[in-house]
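Okay, structure first, notes after.
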Amino acid sequence: MANIELRDIVKTYGDGFKAVKGVSLDIADGEFMILVGPSGCGKSTLLRMIVGLEDITAGELKISGKRVNELAPRDRNLAMVFQNYALYPHLSVFENIAFPLRLARGQFTEDEVKQKVNAAAAVLELQDHLDRKPANLSGGQRQRVAMGRAIVRDADAFLFDEPLSNLDAKLRGQMRTEIARMQRRLGITTVYVTHDQIEAMTLGDRVAVLKRGELQQVASPRELYEQPVNLFVAGFIGSPPMNFLPARVDGDVLKLPICDIPIPGELQQKLEGRDLPIVGIRPEYIKDSSVQRPNDRDVTFEAQVDVTEWLGNEQYAYVPFESDPAVQHKLDELDRDLDGEGLRTQLVVNLDARSRIREGDVARFHLDPAMAHVFDLATGENLTRNEEEAARIARESEEDRRRSLERSKAREAAEAGAS
Amino acid sequence: MEQNNKQKWSLALVSLPVIIWTLIPVIWIFSLAVKPQANQADNNFWPRGFSLDNFELILFGGASDLFLPALLNSIIVGLIATTISVILATFCAYAIARLNFSGKKMILFVALAVSFFPVISLVTPLFDVWRSIGLFDTIPGLVIPYLSLTLPLSIWILSAFFQQIPWELEQAAQVDGATSWQAFRKVIVPLAAPGVFTTGIITFFTAWNDFVFAISLTSESARTVPAALAFFTGASQFEQPTGAISAAAVIVTIPVVILVLLFQKRIVAGLTSGAVKG
Ligand SMILES: Nc1ncnc2c1ncn2[C@@H]1O[C@H](COP(=O)(O)OP(=O)(O)OP(=O)(O)O)[C@@H](O)[C@H]1O
Ligand SMILES: [Mg+2]
């Protein structure tokens with residue numbers, strides 16, 4: 001049981017590259033913290049600094065209030081699951097899992113080791129494979145052995161570096177729920193690095209979004225999705241990503257390439273001197289008017305659909321639009337930050353699966369202007385972020401977390417009492 | 001399937017001449033060793049008649065004073081040289097594979113250059129030096145040159161093995177609670193075992209088979225088998241010692257064959273597979 005505190009952590013690599021630029025983060029006891037960000041933003045570096053495999057250039061790292069900057073990995077009592085599992089190929093599955101116990105020499109008798117390994121193997125359903133060598137296991141089984149090695153000891157925290165990225169989609173889904181269940185059951189502080197949107201949104205109590213070694217926002221998945229602080233977070237969270245449209249302020253309306261939307265009163269002040277903001281609209285906030293009736297507040301528009309993709313439970317429509325050259329460089333830069341491919345400017349609409357819109361149709365859409373975000377062109381700051389709403393979401397998700405942790409602790413206690 | 005069979009056959013066809021080429025001298029030595037003395041020079045490849053006289057001669061008979069101490073010396077020199085060489089090469093190769101220090105390339109290059117040095121040119125100066133510092137005709141006097149001959153190659157082979165081992169394994173071990181030394185001993189060394197055995201065998205063979213150093217740097221007390229063979233004489237003045245030499249050659253070949261058969265099992269390629277995904 002431990003909380004982890006990062007204070008202005010900096011990492012400069014030997015070749016002078018600054019991979020992490022002053023990250024501060026508080027990870028509560030029992031919390032599931034996710035680190036996300038585009039490739040090369042320093043997620044692994046940060047994780048490896050926490051576990052002690054990488055020296056901390058500047059800043060302070062505390063575990064349970066104790067400074068651990070100078071401690072060797074083995075003295076930090078953390079367990080880590082590597083992206084490529086890093087199993088010991090010359091040892092059987094049993095010995096792989098028992099490895100940390102055997103290193104703690106004299107602490108465990110042979111019987112205790114056996115009993116602990118068997119318990120871990122039972123949790124991960126590895127009982128039938130204990131005598132086999134890692135080379136002969138499937139990807140999912142190897143992954144579970146790596147987890148077994150982590151859970152067999154009483155580590156203060158778990159650290160995961162993209163543990164599921166080598167598995168196929170189906171197995172990834174299964175292991176994801178498995179990890180979530182295990183973390184709740186054990187109630188152990190967890191730091192989890194991932195690329196995967198779904199993992200980030202479903203597993204994390206809170207998600208830390210990194211960009212080029214800098215922390216952008218730390219918040220619950222819902223807050224990140226609904227109240228992003230800037231253009232980068234808005235574009236990074238969500239799949240398909242938020243649509244970004246160049247806008248022009250014209251009196252009290254924002255002129256977008258597809259339609260005009262009214263500017264609410266409180267925003268008008270903020271837009272003073274910002275003639276060219278960027279408007280962000282999530283694909284699911286644009287609706288097909290023939291399936292769903294527009295409200296009074298909604299803005300309607302007509303557009304020609306270029307391509308549609310039907311996925312069974314939902315449907316995507318793509319609407320190309322002419323971009324404003326004055327804003328395009330900013331959108332291109334954002335695209336690069338997000339590891340994008342510099343594709344054409346198009347609007348993605350997440351339609352109801354019942355929608356009858358087909359390729360080439362000219363269709364009527366509507367959207368609620370209140371759901372649109374407006375970003376400053378220069379700084380990328382979200383001008384429509386509602387701090388009260390954000391605080392409310394944060395409070396709620398913290399309550400949710402405490403409750404589920406308490407539930408699992410109570411269940412644990414009940415089980416312990418029963419047996 | 002057909003393709004596979006074809007490949008097998010063509011491989012067999014290519015390897016057959018090689019096998020014959022290498023086996024003929026070996027069989028010939030066996031044949032000479034068991035030929036009775038009278039048939040030694042009969043120019044037959046296969047022996048007509050069979051006798052163990054030659055073995056008796058070198059093990060219990062007149063040549064045993066020469067052969068048995070030499071055999072003991074060979075074993076001692078071989079084992080000491082192998083042990084020291086493997087230990088030194090393991091540490092050195094590990095440092096080269098894992099650490100970034102200046103002069104690393106230089107070390108590897110010099111090591112390679114040393115192994116290209118013609119051995120015969122070293123012998124005379126060594127003889128003088130050994131004589132003056134008292135290493136002549138001693139076991140260390142042989143072990144030292146063998147080490148310098150085998151270390152470069154051992155370091156090259158082992159550093160290649162170490163480089164193959166994913167660094168994450170060591171880091172995983174450290175996170176699991178191992179010290180650097182424990183991680184090295186419990187994870188890296190077992191994984192590099194094929195390399196360790198390979199270098200061990202190479203060193204042992206070099207020491208076991210060497211003639212040049214053995215004949216020049218030893219006299220009575222540290223002489224090894226290859227050098228001792230040169231001093232064999234026939235049972236009488238008129239007999240060639242061919243049979244005895246062949247018998248001795250057979251005896252010293254046996255440990256080599258046993259070693260290879262034993263370690264063949266240990267030198268399993270691809271031991272690291274399964275460590276990491278991919
Ligand atoms: N040993 C090193 N020496 C120098 N630079 C390094 C080193 N390791 C990583 N970097 C650099 O630090 C940056 C962050 O690397 P890191 O591995 O933390 O990225 P990441 O966020 O984990 O990316 P990915 O999602 O691709 O794994 C990268 O730009 C990388 O080039
Ligand atoms: Mg990484």
When you scan the stretch A:178-194, do you find a residue that is under 20 Å from residue A:50 (Cα atoms), surrounded by fewer than 17 Cβ atoms within 10 Å (Cβ to Cβ) and either within 14 Å of another protein chain (Cβ to nearest Cβ) or within 16 Å of ligand 1 (Cβ to nearest atom) (or both), even just one?
no
Could you figure out which of (1) modelled with pLDDT under 90; (2) over 16 Å from residue A:31 (Cβ atoms) isn't true of residue A:184?
(2)
Would you check if there is a residue in the stretch A:78-98 being surrounded by fewer than 20 Cβ atoms within 10 Å (Cβ to Cβ), away from ligand 2 (no atom under 16 Å from the Cβ), more than 13 Å from every other protein chain (Cβ to nearest Cβ) and hydroxyl-bearing (Ser, Thr, Tyr)?
no
Using the structure shown, decide if residue A:54 is within 16 Å of ligand 2 (Cβ to nearest atom), of a type in the set (D, E, K, R) and touching a residue at least 12 places away in the same chain (Cβ under 8 Å).
yes
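Yes/no per residue for (1) in contact with a Phe, Trp or Tyr (Cβ under 7 Å, 6 or more places away or on another chain); (2) surrounded by 19 or more Cβ atoms within 10 Å (Cβ to Cβ):
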site	(1), (2)
A:254	no, yes
A:258	yes, yes
A:263	no, yes
A:273	no, no
A:286	yes, yes
If I filter the stretch B:95-104 for residues that are among the aromatic types (Phe, Trp, Tyr), within 24 Å of residue B:198 (Cα to Cα) and open to solvent by 30 Å² or more (accessible area, probe 1.4 Å), do I get at least one hit?
no
Using the structure shown, decide if residue A:335 is closer than 22 Å to residue A:257 by Cα and in a helix (DSSP H, G or I).
yes
Take residue B:147 and decide whether it is open to solvent by 60 Å² or more (accessible area, probe 1.4 Å) and under 27 Å from residue B:222 (Cβ atoms).
no
Can you pull out the residues in the stretch A:143-158 that are farther than 26 Å from residue A:37 by Cα and either buried (at least 19 other Cβ atoms within 10 Å of the Cβ) or touching a strand residue (DSSP E or B) at 6+ places or on another chain (Cβ under 6 Å) (or both)?
A:145, A:148, A:149, A:151, A:152, A:153, A:155
Which is of a type in the set (Val, Ile, Thr), touching a helix residue (DSSP H, G or I) at 6+ places or on another chain (Cβ under 6 Å) and over 18 Å from residue B:141 (Cβ atoms), of B:225, B:189, B:175?
B:175
Pairs needed: first member in the stretch A:144-159, within 11 Å of chain B (Cβ to nearest Cβ); second member anywhere, open to solvent by 30 Å² or more (accessible area, probe 1.4 Å) and of a type outside the set (S, T, N, Q); C-beta distance under 6 Å; at least 6 residues apart or different chains.
A:152/A:116
Selection from the stretch A:75-97 of residues that are in contact (Cβ under 8 Å) with a residue 24 or more places away in the chain and within 30 Å of residue A:5 (Cβ to Cβ):
A:76, A:77, A:78, A:79, A:80, A:81, A:82, A:83, A:84, A:85, A:86
Answer yes or no as to whether residue B:197 is farther than 29 Å from residue B:72 by Cα, open to solvent by 40 Å² or more (accessible area, probe 1.4 Å) and either facing another protein chain (nearest Cβ under 10 Å) or in a helix (DSSP H, G or I) (or both).
no
Within the stretch B:183-194, take every residue that is more than 7 Å from chain A (Cβ to nearest Cβ) and without any contact (Cβ under 8 Å) to a residue 60 or more places away in the chain and give me the one that is farthest from residue A:145 (Cα to Cα).
B:185
Can you pull out the residues in the stretch B:170-205 that are of a type outside the set (D, E, K, R) and in contact with a Pro (Cβ under 8 Å, 6 or more places away or on another chain)?
B:171, B:174, B:175, B:177, B:191
I'm checking my understanding of the structure. Among residues of the stretch B:207-228 that are surrounded by fewer than 20 Cβ atoms within 10 Å (Cβ to Cβ) and not in a loop (DSSP other than H, G, I, E, B), which one is nearest to the chain's Cα centre (by Cα)?
B:209
Suppose we keep only residues that are at the interface with chain B (Cβ under 8 Å from one of its Cβ atoms) and open to solvent by 30 Å² or more (accessible area, probe 1.4 Å) within the stretch A:54-76. Which one would you say is farthest from residue A:164 (Cα to Cα)?
A:72
Out of (1) surrounded by fewer than 17 Cβ atoms within 10 Å (Cβ to Cβ); (2) of a type outside the set (Phe, Trp, Tyr); (3) facing another protein chain (nearest Cβ under 8 Å), the odd one out for residue A:51 is which?
(1)
Which of the residues that make up the stretch A:195-210 are surrounded by fewer than 23 Cβ atoms within 10 Å (Cβ to Cβ) and in contact with a Pro (Cβ under 7 Å, 6 or more places away or on another chain)?
A:201
Quick one: in the stretch A:13-28, of everything that is closer than 14 Å to residue A:40 by Cα and away from ligand 2 (no atom under 16 Å from the Cβ), which residue is least open to solvent (accessible area, probe 1.4 Å)?
A:21
Condition met for residue A:161 (within 28 Å of residue A:340 (Cβ to Cβ) and either surrounded by fewer than 18 Cβ atoms within 10 Å (Cβ to Cβ) or β-branched (Val, Ile, Thr) (or both))
no
Of all the residues that make up the stretch B:113-144, how many are part of a helix (DSSP H, G or I) and open to solvent by 50 Å² or more (accessible area, probe 1.4 Å)?
15
Quick check on the stretch B:152-182: of everything there that is more than 14 Å from chain A (Cβ to nearest Cβ) and of a type in the set (Phe, Trp, Tyr), which residue is most open to solvent (accessible area, probe 1.4 Å)?
B:156
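The values are calculated or read from the model by the stated rules, or taken from the named source; none is laboratory data. Quantities reported herein were computed from a predicted structural model and do not represent experimental measurements. Cβ atoms come from the backbone with ideal geometry, glycine included; neighbour counts cover every protein chain shown. These accessible areas exclude ligands, DNA and RNA; they are computed on the full protein's heavy atoms, side chains included. Shrake-Rupley method; radii C 1.70, N 1.55, O 1.52, S 1.80 Å.
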